[in-house]
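What follows draws every value from the coordinates through simple rules; no lab data is involved. Please read all numbers here as calculations on a predicted model, not as lab measurements. Glycine also receives a Cβ, built like all others from the backbone with ideal geometry; neighbour counts cover every protein chain displayed.
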Amino acid sequence: MRILGIETSCDETGVALYDSEQGLLGHCLYSQIAVHSEYGGVVPELASRDHVRKLLPLVDELLNDCGLQKTDIDGIAYTKGPGLVGALMVGACTGRALAMALDVPALGVHHMEGHLLAPMLETSPPNFPFIALLVSGGHTQLVRVDGIGQYRLLGESLDDAAGEAFDKAAKMLDLDYPGGPMIAKLAESGEVGRFTFPRPMTDRPGLDFSFSGLKTFTLNTVAKHAQENGLPDDQACADIACAFQEAVVDTLVIKCRRALEQEHLTTLVIAGGVSANTRLRERLELALKKINSHVFYARHEFCTDNGAMIAYAGCQRLMAQQQEGLAVKVTPRWPLDQLSPI
Ligand SMILES: Nc1ncnc2c1ncn2[C@@H]1O[C@H](COP(=O)(O)OP(=O)(O)OP(=O)(O)O)[C@@H](O)[C@H]1O
Ligand SMILES: [Mg+2]
């Protein structure tokens, strides 16, 4: 079965073709970063309009790259939620209309299920059951995964997501949007230990997170530096970025270990934009080795939003005969543990 995947939940237009026999045939991505960067964050209406402009030409480009026609598509999967309602509507309407015209089944996919299953696109995918750390721009969640659609939420952020905290801390250091990769790059030249940031909620039991305090701590650190020594120079900014990243990474590592031990599992999957963070990957690999556990993640381009993860997740569900009627419905808020198993 050859599935077209469509991702339009936020500021990336992503399309991909996944074949149940041959694997991923191709994918194309258009990022709206340039559209939103002057505002320092995503402007929902601009995002919807840009998806309208880019989605169909991107599908044509994908088919052309793969040497295929629209009539070679056996099913369509589009992101149904969570996400920005207008942006989701563009993908859902286009996916539904294409499916109707081609007379193939279509299905709305949960964006976070897409992220969670993205490491399945790699050559050595993880086996169920595992713990997933979903760590992106809008989510920080620890989930027990027993199979596709069998998800139990173990803990989540009570306020900001880790990616959101990276983005906001970056703004305080005058870095461009999205801030995660910028902080990571700057932190490479930072001195570990010049500044020390707290590890929120690690001194109490449980698997929830809180990242908004780290944001305030960053703001206060910059203000204190400005008061005592003038505005932070390049080295001071790098040292603050380094301290911030270490605090987020340490916190995530501690909670991942705790989740694995609590659930008596030895496989961890990290997914979502922040899972592209090299320091997080290094630190998890080291920490998990000590408890005979292993960490799996997707290649960089499939950590942030993309069409391949939606095509893969949709393919698994469409092969299990799951599909939806003609009505175009999106679900901007959609808890992961409400999904049906296959
Ligand atoms: N190397 C990195 N280090 C830290 N953060 C990163 C890195 N690369 C990307 N990010 C962060 O990942 C986030 C984007 O990831 P993603 O595209 O998965 O999120 P989203 O789709 O906006 O949110 P969600 O998936 O929760 O709806 C941004 O916050 C970005 O700063
Ligand atoms: Mg995402």
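Worth a mention:
- Hypothetical label at residue 1: residues of region 301-342 whose amide nitrogen lies under 13 Å (7 Å Cα-Cβ projection): 311-324, 342
- Mean separation of Cα pairs under 8 Å and 6 or more residues apart, divided by the residue count, gives the chain a relative contact order of 26 percent.
- Computed extension length for residue 45-residue 65: 4.2 nm, one decimal, from 0.36 nm per residue of separation with the Cα-Cα distance subtracted.
- Of the trypsin sites (Lys or Arg not before Pro) in region 262-303, the ones in a loop by DSSP (not H, G, I, E or B) with at most 10 other beta carbons within 10 Å are 290.
- By the count of other C-beta atoms within 10 Å, a proxy for reagent exposure, 50, 208, 305, 160 are ordered fewest to most as 208, 160, 50, 305.
- Here is the list for region 96-156: GluC sites (Glu not before Pro) lying in DSSP coil, each with at most 15 other C-beta atoms within 10 angstrom of its C-beta, are 122.
- For region 1-138, the share of DSSP beta bridges that are antiparallel, to the nearest 5, is 60%.
- Per-residue Karplus couplings for region 90-105, computed as 6.51 cos²θ - 1.76 cosθ + 1.60 with θ equal to phi - 60°, are listed in order as 4, x, 5, 5, 5, x, 5, 5, 4, 5, 5, 5, 8, 6, 10, x Hz, Gly and Pro entered as x.
- Share of alpha-carbon pairs per 5 Å distance bin for region 1-113, given as whole %: 2, 13, 23, 25, 19, 11, 5, 2, 0
- Residue separation of residue 158 and residue 196 scaled by 0.36 nm, minus their Cα-Cα distance, works out to 11.4 nm of gained length.
- Orientation-averaged projected area, Cα convex hull of region 143-274 (nm²): 8.6 nm²
- Helix 162-172 and the longest principal axis of the C-alpha atoms of the chain enclose an angle of approximately 60°.
- Residue order, fewest to most beta carbons within 10 Å, for 94, 216, 79: 216, 94, 79
- Cα-centred dipole magnitude for region 1-103, charges only on beta-carbon of K, R (+1) and D, E (-1), debye, nearest 20: 280 debye
- Counted by neighbouring Cβ atoms within 10 Å, the residues 234, 159 run from fewest to most as 234, 159.
- Think of the chain as having a plus end and a minus end, set by charges on the Cβ of Lys, Arg, Asp and Glu; of 243, 75, 339, 339 sits farthest toward the positive end of this dipole.
- Structure-based [θ]222 nm, the chain - -39500 (n - 2.57) summed over DSSP H runs of at least 4, per residue, nearest 500: -14000 deg cm²/dmol
- Modelled label reach - residue 279, point 7 Å along Cα→Cβ, region 224-248 residues with backbone N closer than 13 Å: 237-248
- Antiparallel bridge percentage (DSSP; both residues within the chain; nearest 5): 60 percent
- Remark: spin-label model distance residue 326-residue 189 equals 6.0 nm, labels positioned 7 Å along the Cα→Cβ axis.
- Selection from 88, 25, 318 lying farthest towards where the dipole of the chain points positive, charges on Cβ: 318
- Label-to-label distance for residue 299 and residue 210 is 4.1 nm, based on points extended 7 Å past Cα in the beta-carbon direction.
- Summary of packing: across the peptides 4-17, 255-268, the per-residue average of other C-beta atoms within 10 Å ranks them, highest first, as 4-17, 255-268.
- Translational D in µm²/s for the chain (Stokes-Einstein at 37 °C, 0.692 mPa s, Kirkwood Rh from C-alpha pairs): 160 µm²/s
- One decimal place: the segment residue 85-residue 286 gains 68.4 nm when fully extended, by the rule 0.36 nm per residue minus the C-alpha distance.
- Gyration tensor verdict on region 209-281 (Cα atoms; rounded if a/c is under 1.5, prolate if a/b is larger than b/c, oblate otherwise): prolate
- Total charge dipole magnitude, the chain, about the Cα centre, Cβ charges on Lys, Arg, Asp, Glu only, Debye to nearest 20: 700 debye
- For region 75-175, the Rg and Dmax computed from alpha carbons only, in angstrom: 16.5, 51
- Taken one residue at a time, the phi angles of region 41-56 give Karplus couplings (6.51, -1.76, 1.60, θ = phi - 60°) of x, 7, 9, x, 5, 5, 4, 4, 4, 6, 4, 4, 5, 9, 4, 5 Hz. Gly and Pro are set to x.
- Sparse-neighbour loop sites [chymotrypsin sites (Phe, Trp or Tyr not before Pro); region 1-85; at most 16 other C-beta within 10 Å; DSSP]: 39
- About its Cα centre, the dipole of region 186-342 is roughly 460 debye, where the only charges are +1 on Lys and Arg Cβ and -1 on Asp and Glu Cβ.
- Among 131, 105, 58 the positive-end extreme of the charge dipole of region 55-134 (Cβ point charges): 131
- The alpha-carbon positions of region 294-342 define a convex hull whose volume is 144 Å³ per residue.
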